[in-house]
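Engineer: Let me give you the structure first, and then I'll get to my questions.
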Amino acid sequence: MGHGIQDPDRRTRPTAALTVASCARFAAVRGVGKSARFLLLLAACALSACVTNPETDSADWLGPDAKGSLVGVPRIARKAVSVALQMKGVPYVWGGTTPAGFDCSGLIYYSYAKAGLHVPRNSQAQFAAAAKISPETARPGDLLFFIDNHKWHVALYLGRDKFIHAPWPGSTVSVASLRDDFYRSKLVGVGRLISD
């Protein structure tokens with residue numbers, strides 16, 4: 001199973017749900033009227049980008065691949081990405097394979113299963129099952145493999161150097177970037193589960 005990758009400073013990033021909840025509590029405590037409370041919640045959602053529809057907005061995350069379009073990205077891979085994006089904010093749970101909690105490979109396993117493709121359960125088996133490709137040719141739905149302190153970690157590539165993953169205990173499913181030196185230095189391979 002995926003053991004999670006260790007973030008060097010383990011910064012916690014606020015989620016949209018926490019931002020909205022904080023605004024709701026503030027409005028209730030301060031005795032803000034109903035219409036003003038609605039405006040505060042709406043502003044919190046806008047600022048935290050929580051007003052999204054993963055089915056339609058996933059293309060914003062995917063963006064064009066390195067060639068400038070989503071042409072060539074199989075439907076199953078697009079669906080797996082869409083499913084994974086819907087899981088943002090779900091807590092990391094070692095061995096988790098459901099929306100109650102995921103580890104890194106459990107997120108991949110679940111996302112591809114919902115898209116209609118059975119993949120192995122753990123990150124090393126996923127690495128073995130995937131066709132190895134160069135990072136420059138990665139497209140949305142490909143798998144990124146990392147090793148940190150002898151622990152394997154897997155993430156789902158979104159395009160534009162972004163990926164989604166269940167990083168480590170105490171964190172939630174989130175989007176990160178390959179432009180981050182930490183992740184770039186731990187990357188050991190890119191794999192493709194779906195051939196053209």
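Here, each number is a calculation from the coordinates, and none is a lab measurement. Given the structure is predicted, the values throughout are model-derived calculations rather than measurements. Cβ coordinates were reconstructed from backbone atoms using ideal geometry, including for glycine residues, and neighbour counts include every protein chain displayed.
Engineer: Name all residues of region 96-113 having a backbone nitrogen under 19 Å from the label point set 7 Å from the Cα of V188 along its Cα→Cβ direction, giving them as ranges.
Structural biologist: 103-109
Engineer: Still on this structure: Taking 0.36 nm per residue of sequence separation and subtracting the Cα-Cα distance, how much length would be gained by fully extending the chain between N149 and D180, in nm to one decimal?
Structural biologist: On the way: separation 31, 0.36 × 31 = 11.16 nm, distance 1.79 nm.
Result: 9.4 nm gained on full extension.
Engineer: Label-point separation (nm) for H118 and I76, each offset 7 Å from Cα along Cα-to-Cβ?
Structural biologist: Calculated label separation equals 1.2 nm.
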